[in-house]
1. Can you find, within region 235-257, the residue that is nearest to Leu193 (Cα to Cα) among those that are open to solvent by 10 Å² or more (accessible area, probe 1.4 Å), of a type outside the set (A, V, I, L, M, F, W, C) and under 19 Å from the mean Cα position of the chain (by Cα)?
2. Name the residue that is farthest from Cys78 (Cα to Cα), counting only residues in region 172-225 that are open to solvent by 40 Å² or more (accessible area, probe 1.4 Å) and aromatic (Phe, Trp, Tyr).
3. Look at region 59-92 and say how many of its residues are of a type in the set (Ser, Thr, Tyr) and modelled with pLDDT of 95 or more.
4. Taking region 258-280 as the search range and keeping residues that are among the aliphatic types (A, V, I, L, M) and assigned to a helix (DSSP H, G or I), which one is most open to solvent (accessible area, probe 1.4 Å)?
5. Could you count how many residues in region 36-58 are modelled with pLDDT under 75 and either surrounded by 16 or more Cβ atoms within 10 Å (Cβ to Cβ) or part of a loop (DSSP other than H, G, I, E, B) (or both)?
6. How many residues are farther than 21 Å from Leu102 by Cβ, open to solvent by less than 40 Å² (accessible area, probe 1.4 Å) and of a type in the set (D, E, K, R) when one looks only at region 286-317?
7. Quick check: anything in region 139-148 hydrophobic (A, V, I, L, M, F, W, C), open to solvent by less than 20 Å² (accessible area, probe 1.4 Å) and at pLDDT 95 or above?
8. Assuming Glu283 fulfils every condition listed in (1) outside any loop (DSSP other than H, G, I, E, B); (2) open to solvent by 40 Å² or more (accessible area, probe 1.4 Å) apart from one, which condition is it?
Amino acid sequence: MMMLGLGSVGLVLLSLAVQSGHGAQDSAVWSREETTERNYYTRYHNMSEIGLSSTVRKKAIWMDCGIHAREWIAPAFCQYFVREILRTYKTDTKVNEMMKNLDFYITPVLNVDGYIYSWHNESTRLWRKSRSPGTGGCTCYGTDLNRNFYANWGMVGVSTDCCSETYCGTKALSESEAWAVTDMLGKMREDILAFLTIHSYSQLILVPYGHPNISAPNYDELMEVGLGAAMAIKAVHGMDYTVGTSPDILYPFLGSSQDFARLIGIPLSFTFELRDKGEHGFELPEDQIQPTCEEAYAGAQHIITYTHDKAFYSYAATVTATLWTTLLAAWVSSAILL
């Protein structure tokens, strides 16, 4: 794992190591014109194009993208997020304050080998899993990294067939990527205030847990903050995001990084499922990168601002929460009337 730092600003950019021998050459099937700074954030990028330490221990925000290889909009968002906070922290007083008080741990592509493989050619574009070789005579590659964490592993919503897209692995943390995240989160769990993992598609904000019969102890808070994030998203381009647990609004599944983060005590844990709702699915056109990132940034900023203010200004957080509750009540009432 490589860590790069950006002075005292509070941004730490993480890059998980590639599994030696299991990746593919970082090439795209399509010819691409030279990328300039102006159009960088409106294009998808292969691994070679995705590219810092803080000396003071601070409270932190975690964000990872690209745990599923084919969800290209996720790494695009992580890059956009980094660009935006670096672009605005000198002029936006709130961002400046949060950057001084918090470290941001960003992993633009968690599933490096899988992401590289999804760029290999047209037939691999929708690859989802890691690229670890099968065991026990299995000739299929890969494990679903978001089923491999030590969070009620292997119980619901997974497959033990090593060729399945939801194969959970031979055991919890059988994959080096899941192990690396687990190791780091374990060392930092007292410092990390919020955990965000970015996926696509379906336009959802998921809160723990993926088990249909288990609720997070702060479920009400998670829902309140998630609904606020959905409102912030809708205000940008009018896109609707649904908030809830996976069993309630998607399907039950266990072994996710989100559930693991909440289980070890990280209080605010969310999964974003970005655009769209199925028209393009995992192959979201590049002309939707910018608007998707703009709205997702607003949602993430709502969560991060709430997290920051709760930690550093508990009174302000209480006032903010009360305001959001009032706004949500009015919004729900008007929706019912309509």
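1. Of all residues in region 235-257, those open to solvent by 10 Å² or more (accessible area, probe 1.4 Å) come to 235-243, 245, 247-253.
Adding the requirement that they be of a type outside the set (A, V, I, L, M, F, W, C) leaves 237-238, 240-242, 245, 247-248, 251-252.
If we keep only those that are under 19 Å from the mean Cα position of the chain (by Cα) as well, we get 240-242, 245, 247, 251-252.
Working: Asp240: 26, Tyr241: 23, Thr242: 23, Thr245: 20, Pro247: 24, Tyr251: 26, Pro252: 25 Å.
Applying the filter and picking the extreme gives Thr245.
2. Tyr219
3. Our first condition is that a residue be of a type in the set (Ser, Thr, Tyr); within region 59-92, this holds for 80, 88-89, 91.
When the remaining residues are screened for being modelled with pLDDT of 95 or more, the result is 80.
Here the count works out to 1.
4. Among them, the one singled out is Leu263.
5. First pass over region 36-58, keeping only residues modelled with pLDDT under 75: 36-40, 48-56.
Subset that is either surrounded by 16 or more Cβ atoms within 10 Å (Cβ to Cβ) or part of a loop (DSSP other than H, G, I, E, B) (or both): 36-39, 50-56.
Number satisfying all stated conditions: 11.
6. Number of matching residues: 1.
7. The initial filter retains those residues of region 139-148 that are hydrophobic (A, V, I, L, M, F, W, C), namely 140, 145.
Right, trim to open to solvent by less than 20 Å² (accessible area, probe 1.4 Å) and you get 145.
Pick out the ones that are also at pLDDT 95 or above and you get 145.
The answer is yes, given that some residue of region 139-148 is hydrophobic (A, V, I, L, M, F, W, C), open to solvent by less than 20 Å² (accessible area, probe 1.4 Å) and at pLDDT 95 or above.
8. Result: Glu283 fails condition (1) only.
The values are calculated or read from the model by the stated rules, or taken from the named source; none is laboratory data. Bear in mind that the values here come from a model prediction, so they are computed numbers and not experimental data. Methodologically, a virtual Cβ is constructed for each residue, glycine included, from the backbone with ideal geometry; neighbour enumeration extends over all protein chains shown. With ligands, DNA and RNA removed, areas are computed over all heavy atoms of the protein, side chains included. Shrake-Rupley method; radii C 1.70, N 1.55, O 1.52, S 1.80 Å.
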